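This report concerns only the one structure given below.
The values are calculated or read from the model by the stated rules, or taken from the named source; none is laboratory data. Since we're looking at a predicted model, the values are computed, not measured. Ideal geometry is used to build each Cβ from the backbone, glycine not excepted, and the neighbour counts take in all protein chains shown. Note: areas computed on protein heavy atoms with side chains; ligands, DNA, RNA excluded. Shrake-Rupley method; radii C 1.70, N 1.55, O 1.52, S 1.80 Å.
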Amino acid sequence: MKLERDLMQPAQEQAISPALMQLMRKNNHDYQQQTQSGDPFSRIEGALSVHCHVDLQQRTVIESAAMATPFKGYEALLPGRDLQQVGRVSATASGICGGVHATASALCLEMALGIRPPPLGIVVRNLLLSCQYLNDNCMHLFVLAGPDYSQAVIEKSNPEIWSRAQHSASRFANIHGYQHIGEIMLALNKGQGTLYKEALKMIAIARQAYSLLGGKYPHSESIIPGGVSLQVDATKLQLFKTLLAAFTSYSQKTAAIWDDVFDFMLDANPHYENLGRAKASMLDFGQWDHPDYYDATYENCDVWGAQRWSTPAAVINGELRCTQLSLLNAGMEESLDYSYRERQILSPADVIRHDPKGNPISIHHPWNKRIASTNSAKEKPQAYSWGSSLTWQGESFEVGAYARLYLSAIAQKLPRNAFVASTGNSLEFLLPQTGQGSIKMLWQIPQIWNAFERNRARAYSLAFNLAVTLENIAIAEQLVNTGQTQTQVALDRQQMGTRLGVGLWGASRGFLAHWAVIKDQVIDNYQIAIPSRINVATRNQHQAMGPLEQALQNTPILETGFQNVTDFQGIDIQRTIQSFDPCMSCHAQILLKENGMVLRQEIDTSFPVLPPAHSS
C-alpha cells in the first residue's frame, strides 16, 4: 500500500550550519555549567533544546537540530544489581510512566529466565497499560498540546483564523455540543477552558482505575517479573469497568473535537498540511499480550507478538516492511555519531552477534551497547547532543500513540476483538454504551503525514485503547469466574550462565524497550530505549535527520499576527514539536536569519499536579 505521502523524498543529509552549531555548543556549555554547580538531582531529569534556524522573510524553517541534554544514566545503576531490584530501579527512568517501565523490565527478565506469568497476571498488566494510555492521551490532547489551538493563542498568532472560527459551524456539534469552531477554541483555553477542565477529570478517573488494580499511580510496585503481586476479584473488576464506562462517549467526543479543529484549520489555510510534514516512517513492537499465546520466550516471540492487540510492525516511507517481532528487534542499531557520548569498545568475546533465534544483530545493537565515561569521551566536531539515533535496518523512524493505529490498520493482523477491526487502510470501532446501543467510529490512514495527523490519530487512540480494554476486562471476568485467580509466579533463581532478555513494550508516547544481558543471575548489561529520545534523535549513521528534525525542516511559518521579531510566537514550530509529545522539559531556540537574534520558546510538557491516586 503506497499513498501520496510516499512520493516525498527520504530524509537527506544536511550539514548543520556553523551559526546553528555555535549556538548549540554555547547552550550545551551553559547547561553543563549550570548543572555542575547546582543541585546534582537537576542532572537526572534531562531536557530537550530544539534549535531552529528561521527565515522570517521567506517564512520557513531553514534547518533544525534537536539537542538532548546529558544522558540520564539509569542503565548505569543496574549492572551488578540483584534481579529483584531491577524493576523498581528501572521504573524510575520516567517520573510519570513508572508502570510501563516496570512492565518492560518484567518482560525482559521473564524472557531471560524463562518465566511464564499466569493468564490473569498477563491480563491485569494489559489493563494497567490501558489506564496509563487513557491518562496520558487526555493529558496531551487537552492539557499540553490542546491550548496551542485555543482562542487565547490563535487570536494573537492568527487573528484572521480566529475571526473566521467564530462564525464557522462545527460539523460534529451533535456529538460534542459546540456549535461553532470558536466555541471549541474557547473551551481549549489553558486552565479555564471547559475541555481543559473536563480532561483533568477524565485523567483522574484513569488514575483511579489504575490504582484500583495496581495499588498506586504512577509508580506501582505491583508489576513484577512473573505477573502482578496484587489480587483481583469480581468486585474489583466490576468497579474498574464502571469507572472506565465514561470513556466510551468521551472517546467519540474527543475524536469529533479534533476532527472539527483540524479540518477547519486546513480549510482556513491549506498550507497547514505542511506543518510538521514528514515521510510516514514508524515502528512499534505492539502491546497488550494475549494470555493464550504469551509464553515469554524469544523463540516464540513472532507467534505471541502476532497475537498482541496492537500489531508489531515497521512502516518505512509509507511501505509496510515487517511484522515479525524478532526481526524488529534484530534490526535495531543505535548510532552515537553525532552524540557527545562514546561507545565502549568490546572485546570480540563480549560481542553478541545473533539473537536467540539465530538472526544476525549489529555490533551497535542495544545488547552490545555500553557507554564509556563521558570524561574520557573524545571530542567529535560533528557532535551536538547527548542523545543518539536509534534506527531499524539503517532507517530512522517515529514512535507514538499514533503509530499503534497506523501499523495495526495497515498490517491487518489484529486478533479477534469485538470492538475494533483492521481493514488495511483504517480501523473500525464499535464501542458499547449501556442502554444506548453502540458507537461507531472510523479512523483512516491519512494521505499526508504531518503534525495535525499525529494528534488526530492520538484522539482516535482513546477509542483504540478502550476497545482493547473492554476485550481484556471480559477475559479477566471469565478467568475469575472459572477460578483462575493466580496473578503471579515466583522468580526463577536457578538459571545460570549468560542469558539474554528484552522487554518489547510501549508507553503512551511510543514503543519502549528494555534489553538485558544476565550472567549467573546478575545484571551484566542493561539498556533502555524511551520514545521521546527516539523521536528527538540526532542525525543517524547515514547523516539523515532525526524524526523531529525532519518534521521541522518541512514546517512553514504561517503565523500572521507579528509585526516584528518581538511579537513572533513561533507557534508553528511549537505545534510541530508538541505533535511528538515530548515527555521531558523542552524549549525551542529560534535563530533568526535576518539579524542573528535568538528567541526562546518554552514548550509546555509539565503535567499539572493532581491529587495522588491510591487504591481504596
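Between Rg and the Kirkwood Rh of region 163-262, both from Cα atoms, what is the Rg to Rh ratio?
Details: Rg = 18.2 Å, Rh = 15.8 Å.
Computed over Cα atoms, the ratio is 1.15.
Which FRET efficiency value, to the nearest 0.05, do you get for Lys156 and Ile448 by plugging their Cβ-Cβ distance into 1/(1 + (r/R0)^6) with R0 = 41 Å? Write down the numbers at each step before the final one.
Details: r = 27 Å, r/R0 = 0.67.
So the FRET efficiency works out to roughly 0.90.
Give me the one-decimal nm value for the distance between modelled label points at Gln57 and Glu221, 7 Å along each residue's Cα-to-Cβ direction.
Between Gln57 and Glu221, the label points sit 6.3 nm apart.
Could you give the dipole magnitude of the chain about its Cα centre, charging the beta-carbon of Lys and Arg +1 and that of Asp and Glu -1, in debye to the nearest 20?
Approximately 640 debye in magnitude.
Describe numerically, in nm with one decimal, the distance between label points set 7 Å from Cα along Cα→Cβ at His29 and at Asp292.
My value for the distance between the label points is 6.4 nm.
For region 209-328, go through all pairs of different Cα atoms, get the mean of 1/r, take its inverse, and jot down that Kirkwood value in Å.
Answer for region 209-328: a Kirkwood hydrodynamic radius of 18.4 Å.
Using the membrane-span-like helix rule (whole DSSP H runs, Cα extent along the own axis of at least 27 Å, mean Kyte-Doolittle hydropathy at least 0.0), which helices of the chain qualify?
Correct list, ordered by number: 119-138, 194-214, 247-268, 451-481.
Which entries of Lys26/Lys279; Lys241/Lys440; Lys26/Lys380; Lys197/Lys413; Lys357/Lys413; Lys279/Lys413 show an alpha-carbon separation above 27 angstrom in the structure shown?
Violating the 27 Å limit, Cα to Cα: Lys26/Lys279; Lys197/Lys413.
Evaluate the Kirkwood expression for the hydrodynamic radius of region 253-302, namely the inverse of the mean inverse distance over all pairs of different C-alpha atoms, and round to one decimal in Å.
Evaluated over region 253-302, this radius sits at 15.1 Å.
So, with a 1.4 angstrom probe, what is the percent of accessible area on the chain that is carbon and sulfur? Write down the numbers at each step before the final one.
On the way: 11150 of 22250 Å².
Of all accessible area on the chain, carbon and sulfur atoms account for 50 percent.
Sorted by average packing, counted as other Cβ atoms within 10 angstrom per residue and highest first, what order do 319-331, 99-111 take? Walk me through the numbers before you get to the answer.
On the way: 319-331: 20.4, 99-111: 27.8.
The packing order, highest mean first, is 99-111, 319-331.
Between Glu319 and Lys380, what FRET efficiency comes out of the Förster formula 1/(1 + (r/R0)^6) with R0 = 41 Å and r the beta carbon distance, rounded to 0.05?
The value I calculate is 0.75.
Could you tell me the calculated FRET efficiency between Val489 and His167, based on Cβ-Cβ distance and R0 = 60 angstrom, to the nearest 0.05? Provide the component values of the computation, followed by the final result.
On the way: r = 62 Å, r/R0 = 1.04.
After rounding to 0.05, the efficiency reads 0.45.
Pull up the cross-link candidates among the lysines for Lys190, meaning alpha carbon to alpha carbon under 17 Å and not fewer than 8 places away within one chain.
Within reach: Lys156, Lys201.
Once the piece of chain linking Thr566 and Ala349 is laid out straight, how much longer is it, given 0.36 nm per residue of separation minus the C-alpha distance between them?
My answer for the length gained is 72.2 nm.
With unit charges on the beta carbon (Lys/Arg positive, Asp/Glu negative), name the residue among Ser163, Leu134, Ile122 whose Cα is farthest towards the positive pole of the charge dipole of region 115-214.
Result: Ile122.
Whole number in Å², please: accessible area per residue of the chain, 1.4 Å probe, ligands, DNA and RNA not counted.
Accessible area per residue, the chain: 36 Å².
So what's Rg/Rh here for the chain, counting alpha carbon atoms and using the Kirkwood radius for Rh?
Looking at the chain, the ratio lands at 0.95.
Working from the alpha-carbon coordinates of region 431-523, get Rg over Rh, Rh being the Kirkwood radius. Each step should come with its number before you reach the end.
Details: Rg = 20.4 Å, Rh = 18.0 Å.
Rg/Rh for region 431-523 comes to 1.13.
Please give the direction-averaged projected area of the C-alpha convex hull for region 330-416, in square nanometres with one decimal. All intermediate terms of the calculation are to be shown ahead of the outcome.
Details: hull surface 32.9 nm².
Averaging across all directions leaves 8.2 nm² for the Cα convex hull.
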